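The values are calculated or read from the model by the stated rules, or taken from the named source; none is laboratory data. This one's a predicted model, so the numbers in the text were calculated from it and none came from an experiment. Neighbour counts run over all protein chains shown; Cβ positions are idealised from the backbone, glycine included.
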Amino acid sequence: MNTAATITNLPPLQPMLAELGIPARDLARAADLSRSAASRLVAHGQLPARRASEVRQRVVSFLKSRGASMAHLRDIVLPPAKKLAPTCLQHAEAAPVNPEPTEPKEEEPMLLKNETLTPAARKAFGLTRSPFVDDIASREDVFATQHGRYVRAAMLDAATNHGFIAIIGQSGSGKSTLREELEERIREEHRPIVLIKPYVQGMEASEARGKPLRSGHIAEAIVDALAPGVSLKSSPQARYKQVHELLKGSRSAGYTHLLVIEEAHRLPIPTLKHLKNFMELKDGLRRLLGVCLIGQNELFDILSERNPEVREIVQRCEQITMEPLDNDVEAYLQLKFQRMGLSLDKVFEPDAMDAIRARLIHTAHGRSHEVVSICYPQVVNNLVCRALNAAAAVGFPKVDAQVIAGC
């Protein structure tokens, strides 16, 4: 469905007309509206019931011809959403070539919500489908910055040498993609590595909120991975011995093992403490199990050395923070659009990349010295989809800084 077709009303147009110096009668004539219908549209944004789509398109074409910018037209062609822009979008200008971080005036939920590329946008830019949906079919499709390559190497090292790492980053930063890439690498290269992934539906830190991951679930996952169909022993002593023997047998066969726990920011503290027991399982001097925790930023608090309950295990853990794309935005998008058979210059003007960075890098509230970036893959995807939808609806041939600033 065309995004614009879902908009039944517009924002009041009077402030925009006043700013651009456009008489309301000119808008009424261009949109083919009666005086009363034009008055309702200008004062209240109310479209006529019978030909709303036609009137909306006439309004967009007319305003564009009279100098309206993408920032003016954004709320006419896109569904309402909380603004992300650090300044008032009605007066947004093209991003500078070297953008300075800006200070946001409100929270940024809009670009954390998944955006869908409209059929109109796909048609306008020659896309058979979205570059951001089912976009990874092989390891060659996984984009990695220099830091991303370090994270890849750290995960593989934890698997081959039984290390203990935590991969931490906000939703959409690419954590799970790197875990999937590790699985694919193990399959492709026939590496003797067993990934052990406990599954708990609706995992939460306490019974009050959901189902906590217990040490018993971890033991069950190890047994299931190494001896499918074998039942887990009932007593703690027998269960621990069973897990130990299975790991030793697998190690003797030449395999290494990595326990991967996703959504680790929801781990109960007792389970985190019990990880020490699993990591201490050895065959002589050789450790038998590595651990990789993958979670959102709350995992930093759980793994804090200030917490005496987990200090001993935390000191053994290498914590790796997922870094934003920032200067790699252009290379990231280039990969995505190359998969669609398009070069970036067919879709974006040169100033669009700096505009993306300007939108997603800002100075934190109350700490003017601290620069914060949310330039993560999923956020970039959402902003670009929103910009493509807007550009197609207004008739812009390419996405430029003005379009980015107005979305």
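Summary table below
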read-out	value
Which numbered condition residue 157 misses (of (1) modelled with pLDDT of 95 or more; (2) in a loop (DSSP other than H, G, I, E, B))	(2)
Residue in the stretch 25-37 that is under 11 Å from residue 76 (Cα atoms) and either touching a residue at least 24 places away in the same chain (Cβ under 8 Å) or touching a Phe, Trp or Tyr at 6+ places or on another chain (Cβ under 9 Å) (or both) present	no
Breaking point among (1) of a type in the set (Val, Ile, Thr); (2) modelled with pLDDT under 90; (3) in a helix (DSSP H, G or I), for residue 372	(3)
First in the stretch 4-22 and of a type in the set (Ser, Thr, Tyr), second anywhere and modelled with pLDDT under 85 and assigned to a helix (DSSP H, G or I), Cβ under 7 Å, 6 or more apart	8/52
Hey, residue 349 at pLDDT 95 or above and either among the polar types (S, T, N, Q) or surrounded by 14 or more Cβ atoms within 10 Å (Cβ to Cβ) (or both) or not	no
Test for residue 328: is it of a type outside the set (Lys, Arg), touching a helix residue (DSSP H, G or I) at 6+ places or on another chain (Cβ under 7 Å) and surrounded by fewer than 23 Cβ atoms within 10 Å (Cβ to Cβ)	no
